[in-house]
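See below for the structure under consideration.
Derivation of every value follows stated rules applied to the coordinates shown; laboratory data play no part. Note that this is a predicted model, so its numbers are computed, not measured. Cβ: placed from backbone, ideal geometry, glycine included. Neighbour counts: every protein chain shown.
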Amino acid sequence: MVTIREIEADSLTELIELYRELTGEPTDPARLAEAFASIKADSRYILLGAYVDGELMGSLMGILCQDLVGDCRPFMVIENVVVSARARRQGLARQLMTAIEKLAHERNCCYIILVSGEKRKEAHVFYEKMGYRVEKVEGYRKHLSSH
């Protein structure tokens, strides 16, 4: 049975494993716990999990951003979309995206944006099937080194 709900602290070990699948990099458990506490205290962050028989198998994060243009409605950024390789093709990503879109509607968001790595072609096909379209914009990222 699949349940979509907000992730709580008791799922952080499983979340670390999902992020390792997503990035191929380890996540520091202490830093994750600290960051998790911060986002749980901030209502602009929504961290959803897809649980299969109680086990966390997928996740995504939505961040509400207040816009200052036009009607000044908020928009949502989606980040860190991941479903474990053990649970793909079961509709978990679709259920996660549908749930976050519902929450964006409830919060009066005017649009949702997300970025996906250039080589993640299967993900791109999925996002297009979900109604997202490629917009001709240039994306830029600057990695800041820690001191």
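Can you tell me the length gained on complete extension of the stretch ALA41 to ARG20, counting 0.36 nm per residue apart and subtracting the Cα distance?
Contour length minus Cα-Cα distance gives 5.1 nm.
For a quick check, take a GNM of the chain with Cα springs below 10 Å and name the residue from TYR19, TYR111, TYR45 with the largest mean-square fluctuation.
Checking each option, the largest mean-square fluctuation is seen for TYR111.
Please identify the trypsin sites (Lys or Arg not before Pro) of segment 1-67 that satisfy two criteria: DSSP loop assignment and at most 15 other Cβ atoms within 10 Å. Which are they?
ARG44
Which GluC sites (Glu not before Pro) from segment 1-75 combine a DSSP loop assignment with at most 12 other Cβ atoms within 10 Å?
Of the GluC sites (Glu not before Pro), the ones in loops of segment 1-75 whose Cβ has at most 12 other Cβ atoms within 10 Å are GLU8.
How much net charge surrounds ARG86 when only other residues with a Cβ under 15 Å from its Cβ are counted (Lys, Arg +1; Asp, Glu -1)?
-2
Mind telling me which of VAL69, VAL77, VAL52 comes out most flexible in a GNM of the chain, alpha-carbon contacts under 10 Å?
VAL69
Let's test the formula: R0 of 30 Å, r as the Cβ-Cβ distance of GLU55 and CYS110. What FRET efficiency results, to the nearest 0.05?
0.25
Would you work out the relative contact order for segment 1-127, in percent, from Cα pairs under 8 angstrom that are 6 or more residues apart?
23 percent
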